[in-house]
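These notes are about the structure you will find just below.
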């Protein structure tokens, strides 16, 4: 779990999150540089970072939750046609005094060439095991292959050995807690700051329609280091939809949650632009056109396509909230109240009988105060229909919506 927070609230959130998730579930605090200095700041100290708190649900510390792919060069040769292999250092960071059984001269059995040991870096094999390594082809000597240009013997590592030992993550290594800032510097320089996320939104929509959106590279690094293809990524404050856009381009499943009214004009439209449009005009094969080519698209070779499902929570008390806000007269509000008495979930503090007896006092209030009063009468825990009530006939949930919810929650 990654929680993004600013400097002012970081430490309060840490205490709160420790209480909710457990202090032993805390993994790390990750810095993210947001800008490169600002002059008009308090005390003349420019705070240029915000932060991500990382927690785990229950993974032990030995679990490799983060993994970074290592770019290694593998070779194929006629003597090992069914396997790939790479070269590795044949020495260790120990002297011959520390490893006396590795103090020997290595001899190429084919040519007789001798390779004395480095006194400060002993061989990684011992005098007792070196013949076995040579017999198994584990040591490569200078001149063994025309395509290699090495001057000292090297260890041969077969890919099959690595897969057997480490599994599918054989080519992964540790991740530094500074990985976001390093990624920014490596790929985008200073444009990795907040401004770059805004530039991506402007490129998509032609204008700035969202404040402080995340840039795609940040989410790419988090997703590629912490998930595999096909995994589910959840963003419960989806905002401008950067998480969904990146997850879609990286072949991850995703669930995005957002309660603000910009979800359709910003988030949904952004995902549509990521997917693009199907076109068969002038072509024998159907193709995808007008897809989002910005952000990380070139880096992941994104060509458009795919799909997503957009759903809204079924409103109950929330529907009354909307009616109250849209009302313009006391008469309309009293009609809403009469409906609420019969069908809404009221707060336990509300006595409908007492309200009706004192209705004249209600009518003396201003329209805004009347609205505020009715809103307070509603139980805020019942704004939407709970899944547990899906078969209640009072809610009139369609068979189609029932089937969709059962598939989503895995209830059959």
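Values in this text are rule-based calculations from the coordinates and carry no lab data. Quick caveat, the model's predicted, so the values are computed rather than measured. All Cβ positions, glycine included, derive from the backbone under ideal geometry; neighbour counts span all protein chains shown.
Of the peptides 213-221, 200-208, the order by per-residue mean of other Cβ atoms within 10 Å, starting with the highest, comes out as 213-221, 200-208.
Centroid-to-centroid, using Cα positions, the stretch 106-146 and the stretch 6-29 are 52 Å apart. Working note: Debye formula, equal point scatterers on the alpha-carbon atoms of the stretch 71-170, no solvent; log10 I(q)/I(0) at q = 0.11, 0.14, 0.21 Å⁻¹ is -0.36, -0.58, -1.17.
At q = 0.10 Å⁻¹ the log10 of I(q)/I(0) for the stretch 8-128 amounts to -0.73, computed by Debye summation with a single uniform scatterer per C-alpha, solvent ignored. Here the residues 148, 378, ranked from fewest to most Cβ neighbours within 10 Å of their Cβ, fall in the order 148, 378. Taking the empirical scaling 2.2 N^0.38 Å for compact globular proteins as reference, the stretch 253-330 has a Cα radius of gyration ratio of 1.62. Peptides 152-160, 111-119, ordered by how many other C-beta atoms sit within 10 Å of their residues on average, highest first, read 152-160, 111-119.
For the chain, the longest principal axis of the C-alpha atoms and the axis of helix 330-343 are separated by about 70°. First measure r as the distance between the Cβ atoms of residue 387 and residue 322, then evaluate 1/(1 + (r/R0)^6) with R0 = 25 Å and state the FRET efficiency to the nearest 0.05. My answer for the efficiency is 0.70. Helical content of the chain, expressed as a calculated mean residue ellipticity at 222 nm, amounts to -9000 deg cm²/dmol (DSSP H runs of 4 or more residues, -39,500 (n - 2.57) each, divided by residue number, nearest 500).
With neighbours defined as other Cβ atoms within 10 Å of a residue's Cβ, the residues 297, 240 order from fewest to most as 297, 240. Going from the fewest other Cβ atoms within 10 Å to the most, the residues 316, 123 appear in the order 316, 123.
Shape summary: the stretch 305-412 maps onto an equivalent ellipsoid whose semi-axes, from the alpha-carbon gyration tensor, are 34, 16, 10 Å in decreasing order. On the beta carbon distance between residue 2 and residue 73, with R0 = 41 Å, the FRET formula returns roughly 0.80. For the chain, the longest principal axis of the alpha carbon atoms and the long axis of helix 399-409 meet at an angle near 40°. Relative to the longest principal axis of the Cα atoms of the chain, the long axis of helix 317-326 makes an angle of roughly 60 degrees. Annotation: peptides 324-331, 243-250, ranked by per-residue average of other Cβ atoms within 10 Å with the highest first, follow the order 243-250, 324-331.
Pairs of Cα atoms in the chain fall into 20 Å distance bins, from 0 up to the last occupied one, in shares of 18, 37, 31, 10, 4, 0 percent.
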